[in-house]
Amino acid sequence: MPPKKEETTERLGAWALGRFSNRLKVGIVGLPNVGKSTLYNTLTKCAIPAENFPFCTIDPNETRVNVPDERFDWLVKTYTPQAPDSHCKSIVHPWLEICDIAGLVKGAAQGAGLGNAFLSHIRAVDGIMHVLRAFEDPDIVHVEDKVDPIRDIEIITAELREKDKAKANSNAATKKEWQAEVDTANKVLQWLAEGKEVRLGVGVGDADYWTTKDIQFLNDWMLLTAKPALFLVNLSEEDYKRKKNKFLKPIHDWVQSHGGGTIIPYSDSKENEVPSALPKIIKTAFAMCHLIYYDERGSDCAGPEEFKRWEFDAGEYITHRGDTEASIFFIVSGSVACM
Ligand SMILES: Nc1nc2c(ncn2[C@@H]2O[C@H](COP(=O)(O)OP(=O)(O)OP(=O)(O)O)[C@@H](O)[C@H]2O)c(=O)[nH]1
Ligand SMILES: [Mg+2]
């Protein structure tokens, strides 16, 4: 007799941390003068100031970038809007909003450096791209004097945890009448006291630390360490080309021992002869916010003259709209094709 199929139970409820929206934004975060604005300029093709002094950026800068995808390009090419028999005249690319945030220093949660202002800018983003300086250049000032990306990421994450502790403390103190909320706040404080980030309490199967109820509160509070994170390692052009740098292994070990995450080494140099890491950075940032998309052409929704990529949160319910052009959905590896 064939072995009995194992019964699977569906887990219902709030399944992920974060906002549910199709207009998500990721923030570039790091110590001052590590190359955040330089990266922002390269990603967005903008030209905001990126000078060799700490706190060059004060107010956040935001721009949308198109998310590169060969499949979308193929669909557009195949059903080319320029073809004489096509009704499509417009192509709507998927996009992601990128926000360049001021540098963060030790003690920021208590107001050091630019203090709390930019921590609120971090609160407003849905995902964090940590920029770690791994390039050595004596001419480029380092606020901690020496290049050491592990020390730097420890400083940043400690400040984010401090800020979350303050938020959880205030929730525990001011909302005594809501016992469930106070319980979650106390769970947050205990988790942070162990040096862990809130985002690490989900996605570990049945061992999830956060219950569905906790996640509802956490999503209201928009905690800084609940946001998905990705680690970008700023290398010199030479190190990027030879794929070697003495900090890569320690960074890898640190990330693994802190819940894992994607690490992308990159170089901002314009003279790169090797493939650029920038498309990967944008794609990974898009995916880490749980965004998925489907493509549509010439229907009621996309418009008769449009080729449109719709983005939506993977947590949103997909409804059958019942129109002739958009009635069958295929969910294939994170994207949804609409036929
Ligand atoms: N040698 C070298 N210099 C770099 C690299 N990336 C950035 N820089 C330089 O570092 C300086 C600071 O760069 P920014 O992009 O302004 O740094 P930031 O992190 O935005 O700094 P703040 O806005 O002050 O927080 C600039 O002079 C850049 O040209 C790199 O990979 N190698
Ligand atoms: Mg800057």
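Here is a yes/no grid of residues against (1) part of a loop (DSSP other than H, G, I, E, B); (2) at pLDDT 75 or above; (3) within 21 Å of Ile156 (Cβ to Cβ); (4) near ligand 2 (Cβ under 10 Å from one of its atoms):
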site: Arg11; (1), (2), (3), (4): yes, no, no, no
site: Leu17; (1), (2), (3), (4): yes, no, yes, no
site: Asn33; (1), (2), (3), (4): yes, yes, yes, yes
site: Tyr40; (1), (2), (3), (4): no, yes, yes, yes
site: Asn52; (1), (2), (3), (4): yes, yes, yes, no
site: Asp59; (1), (2), (3), (4): yes, yes, yes, no
site: Arg64; (1), (2), (3), (4): no, yes, no, no
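When the residues of segment 223-236 are filtered to those that are in contact with a Gly (Cβ under 9 Å, 6 or more places away or on another chain) and closer than 17 Å to Ile101 by Cα, which remaining residue is nearest to ligand 1 (Cβ to nearest atom)? Filtering segment 223-236 for residues that are in contact with a Gly (Cβ under 9 Å, 6 or more places away or on another chain) and closer than 17 Å to Ile101 by Cα, the one nearest to ligand 1 (Cβ to nearest atom) comes out as Asn234.
The listed residues are Val274, Val255, and the only one of them that is at pLDDT below 90 and not in a strand (DSSP E or B) turns out to be Val274. Count of segment 98-114 residues, restricted to those that are away from ligand 2 (no atom under 16 Å from the Cβ) and either more than 16 Å from His142 (Cβ to Cβ) or among the small types (Gly, Ala, Ser) (or both), is 5.
Six or more apart or on different chains, Cβ under 8 Å: which pairs go from a residue in segment 118-138 that's within 28 Å of Lys244 (Cβ to Cβ) to one that's of a type in the set (D, E, K, R)? Could you list them? Between residues of segment 118-138 that are within 28 Å of Lys244 (Cβ to Cβ) and residues that are of a type in the set (D, E, K, R), the close pairs are Ile128/Lys227; Val131/Lys36; Leu132/Asp152; Arg133/Asp152; Ala134/Asp239; Phe135/Asp239. A count restricted to segment 94-119 and to residues that are within 12 Å of ligand 1 (Cβ to nearest atom), among the β-branched types (Val, Ile, Thr) and buried (at least 20 other Cβ atoms within 10 Å of the Cβ) stands at 1. Can you spot a residue in segment 282-298 that is in contact with a helix residue (DSSP H, G or I) (Cβ under 7 Å, 6 or more places away or on another chain), at pLDDT 55 or above and either within 28 Å of Ala158 (Cα to Cα) or exposed (fewer than 12 other Cβ atoms within 10 Å of the Cβ) (or both)? Yes - at least one qualifying residue is present in segment 282-298. Among the residues that make up segment 180-196, is at least one of them closer than 24 Å to Ala287 by Cβ and in contact with a helix residue (DSSP H, G or I) (Cβ under 6 Å, 6 or more places away or on another chain)? No, because not a single residue in segment 180-196 is closer than 24 Å to Ala287 by Cβ and in contact with a helix residue (DSSP H, G or I) (Cβ under 6 Å, 6 or more places away or on another chain).
The values are calculated or read from the model by the stated rules, or taken from the named source; none is laboratory data. Source: prediction; values computed, not measured. Note that each Cβ is placed from the backbone with ideal geometry, even for glycine, and that neighbours are counted across all protein chains shown.
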